[in-house]
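The values are calculated or read from the model by the stated rules, or taken from the named source; none is laboratory data. Bear in mind the structure is a predicted one, so any value in this text is a computation, not a measurement. Virtual Cβ from ideal backbone geometry, glycine too; neighbours counted across all protein chains shown. In case anyone asks, the SASA skips ligands and DNA or RNA and just uses the protein heavy atoms, side chains included. Shrake-Rupley method; radii C 1.70, N 1.55, O 1.52, S 1.80 Å.
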Amino acid sequence: MKAIELSDVSALAPYLGRGADEPLLLTDHGHVVATIVPADEQDAESMLLSINPKFQAILERSRKRLETEGGISTDEVRERLGLPSKRGRTKRSTRPRPRSRSGKTAASRSGRSG
């Protein structure tokens with residue numbers, strides 16, 4: 001990866017920097033040759049991982065292993081990490097149920113309480 005200081009690219013300075021909120025296309029005779037997108041440190045790290053061949057190979061091995069060997073349940077992960085199981089606990093959704101034009105929820109239209 002190459003990095004340059006914004007101050008070294010004075011022609012781009014008005015389009016970039018703090019507060020930049022949209023991508024900038026760089027063209028050569030009308031053909032796009034690069035795109036500069038606003039990013040913070042976390043965005044840059046994610047982007048670099050997404051194009052890193054070693055990281056992509058790890059992901060591909062993981063996908064293949066999941067297909068051939070299967071995965072583990074959330075309960076098993078919690079058990080392996082020594083966390084309490086969530087079985088038996090029921091958590092009600094805090095999201096409001098969608099309403100029809102009449103103002104009733106689907107549950108109340110079907111006779112269920114909601």
## Note on the structure
To the nearest Å², the heavy-atom accessible area per residue of region 22-64 with 1.4 Å probe amounts to 87
### Task
Compute the relative contact order of region 21-72 as a whole-number percentage, counting only Cα pairs closer than 8 Å that sit 6 or more residues apart in sequence.
20
### Summary
Taking r as the C-beta separation of Glu5 and Ser62 and R0 as 35 Å, the FRET efficiency to the nearest 0.05 is 0.40
### Task
Would you kindly derive the ³J(HN,Hα) couplings of region 75-81 from the backbone phi angles with the Karplus curve 6.51 cos²θ - 1.76 cosθ + 1.60 (θ = phi - 60°), listing them in order in whole Hz, with x for Gly and Pro?
4, 5, 4, 4, 5, 4, 8
#### Entry: Carbon/sulfur fraction of accessible area - region 1-85, other protein chains in place, 1.4 Å, %
54
